[in-house]
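First the structure, in the form of C-alpha cells, and then the observations on it.
The values are calculated or read from the model by the stated rules, or taken from the named source; none is laboratory data. If you're wondering where the values come from, they're calculated on a predicted model, not measured in any experiment. Note that we place each Cβ from the backbone using ideal geometry, even for glycine, and neighbour counts take in every protein chain shown.
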Amino acid sequence: MFRKLCIVPAILAGWALPTPAIADLRVFACEPEWAALAKEIGGDKVSAYSATHEKQDAHHVRARPSLIAKVRRADMVFCSGAGLEVGWLPLLMQRGARANVRPGKPGHFMAAQHVAVREIPAVVDRSLGDVHPEGNPHVHLDPRNLIVLARELTKRLSAIDSENKPTYVQNFSNFERRWSANIEGWNAKAAGLKNMPVVVHHKSWSYLIGWLGLNEVGSLEAKPGIPPTVSHLRNLLKTASAAKAKAILRTPFDQSDPSNWLAGKTNIQALVLPFTVSRNAKPGALKNLFDDILLQLEKANRHP
Ligand SMILES: [Zn+2]
C-alpha cells in the first residue's frame with residue numbers, strides 16, 4: 001500500500017519514468033529507393049519506412065489502414081511524385097497527414113520536382129489512360145539524380161531537425177564522395193553499352209537509358225499503363241528485329257507474357273532487371289542495384 005501511494009504521484013509528475021530516447025525522425029517513403037536514400041543521409045537519426053516493396057508496382061497500391069497509420073506519424077513523406085502515386089498517396093494524406101508533411105512544407109518531398117523530368121507529353125489525352133501525364137516519374141535509375149536528391153534531402157532533414165544538421169551534412173558529404181566515385185566506375189564499365197538497342201515493357205527505364213545512352217527502339221506498352229495489344233506487338237516484332245535489339249527490359253512486377261512472346265519470336269533476350277532495392281535495404285544496397293543492372297545489360301550486349 002505504501003509503495004503504491006508513493007509511486008503513483010511520482011509517475012503522474014513525470015519524473016519517476018526513465019527519460020525516453022529522442023525519437024527518430026520518421027520518413028514515410030512511397031518506394032524503397034527513397035527509404036534507402038533517407039537512411040544514407042539520415043543514418044541513425046532517421047527511421048525510414050517504405051510503403052511498397054521491390055516486387056510491387058507503385059502505380060497501383062491500395063490505401064490500406066496500415067499505410068494511413070504510418071503517414072499519420074510521419075515527419076517526412078518522400079515519394080517519386082509526377083503522378084506516380086496519384087492513385088493512393090492523396091488518399092493517405094487526406095486521412096490525417098500532419099500539417100508538416102503537406103505540400104509546400106519541407107516534410108513533403110517529391111523527387112520529380114527536383115530533377116529534369118523526361119517525356120512530358122505535349123498533349124495529355126486522359127481518355128487513353130496515360131498514367132504519366134506529368135512526364136516520366138521513374139527518376140531514380142539515373143544515378144546522377146540521386147546526388148541532386150540527396151542534397152535536397154539533406155536541406156530538408158536539417159530544416160525539420162536542426163539539432164542533427166551536422167550529422168546530415170556529414171552523411172551527405174560522405175555519400176556524395178562515394179556516389180561520385182561509383183558513377184565514374186559505372187560510366188567506365190558501361191562505355192560499351194552506348195547505343196545498345198533495347199525494347200522496354202513499360203517506360204520504367206527511361207532515366208537509365210538516358211544516362212547510359214542506350215537506344216530504346218520500342219515499348220511493349222503502346223501507351224504507358226496500357227497492356228500490349230496484338231497489333232502493336234506485331235509491329236514491334238518488325239521494328240525490334242530490324243533494329244537488332246539486344247534485350248527486352250522488364251521489372252519483376254511487369255507481366256512476363258509479352259516479353260517472352262517477343263523473345264520467343266526473335267533472338268532478343270528477355271531480361272528481368274531489379275527495379276529498386278529491397279524494402280529494408282542495408283547500406284550499400286543502392287550501389288548493388290546499379291551493379292546488378294549493369295552486369296545483366298553487359299551480358300545481354302555480349303550475346304551474339
Ligand atoms: Zn510508370
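Number of residues in region 61-114 that are closer than 20 Å to Leu141 by Cβ, polar (S, T, N, Q) and surrounded by fewer than 17 Cβ atoms within 10 Å (Cβ to Cβ): the value is 1.
If only residues of region 224-268 that are crowded, with 17+ Cβ neighbours inside 10 Å and among the basic types (Lys, Arg) are counted, the one that is nearest to Asp291 (Cα to Cα) is Arg250. Just one residue in the set Ser231, Ser241 is over 27 Å from the mean Cα position of the chain (by Cα) and modelled with pLDDT under 95; that residue is Ser231. All of Ser206, Ser162, Ser173, Ser180 fail the test of being crowded, with 16+ Cβ neighbours inside 10 Å and among the hydroxyl-bearing types (Ser, Thr, Tyr), apart from Ser206.
When only residues in region 183-203 that are in contact (Cβ under 8 Å) with a residue 40 or more places away in the chain and of a type in the set (Gly, Ala, Ser) count, which is surrounded by the fewest Cβ atoms within 10 Å (Cβ to Cβ)? The extreme case among them is Gly192.
Selection over region 55-86 of residues that are part of a helix (DSSP H, G or I), under 26 Å from Leu289 (Cβ atoms) and either charged (D, E, K, R) or outside the structural domain of Ala38 (by TED's automatic domain parsing) (or both) gives a count of 1. Go through the residues of region 139-151 one by one and say whether even a single one is part of a helix (DSSP H, G or I) and more than 15 Å from the chain's Cα centre (by Cα). The answer is yes; a qualifying residue exists. When you check Asn215 against the structure, is it under 21 Å from the mean Cα position of the chain (by Cα) and under 20 Å from His140 (Cα atoms), yes or no? Criteria not met by Asn215.
Of all residues in region 136-188, count the ones that are within 16 Å of the ligand (Cβ to nearest atom) and either in contact with a Lys or Arg (Cβ under 6 Å, 6 or more places away or on another chain) or more than 25 Å from Val117 (Cα to Cα) (or both). So the count comes out to 1. Restricting His140, His132 to those that are under 22 Å from Ser80 (Cβ atoms), surrounded by 19 or more Cβ atoms within 10 Å (Cβ to Cβ), assigned by TED's automatic domain parsing to the domain that holds Trp34 and at pLDDT below 95 reduces the list to His132. Given the structure, is Lys203 among the charged types (D, E, K, R) and within 19 Å of the chain's Cα centre (by Cα)? Yes, satisfied. Filtering region 54-90 to residues that are in contact (Cβ under 8 Å) with a residue 60 or more places away in the chain and within 15 Å of the ligand (Cβ to nearest atom) leaves Gln56, Asp57, His59, Ser80. The sole residue among Gly104, Gly42 that is at pLDDT 95 or above, on the phi > 0 side of the Ramachandran plot and not hydroxyl-bearing (Ser, Thr, Tyr) is Gly104.
Matching residues to (1) of a type outside the set (Val, Ile, Thr); (2) more than 16 Å from the ligand (Cβ to nearest atom):
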site	(1), (2)
Pro227	yes, no
Ala243	yes, yes
Leu249	yes, no
Asp257	yes, yes
Val272	no, yes
Phe275	yes, no
Ala285	yes, yes
Phe290	yes, yes
Arg302	yes, yes
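Ile209 meets the conditions (1) within 16 Å of the ligand (Cβ to nearest atom); (2) at pLDDT below 95 in every case but one. The failed one is (2).
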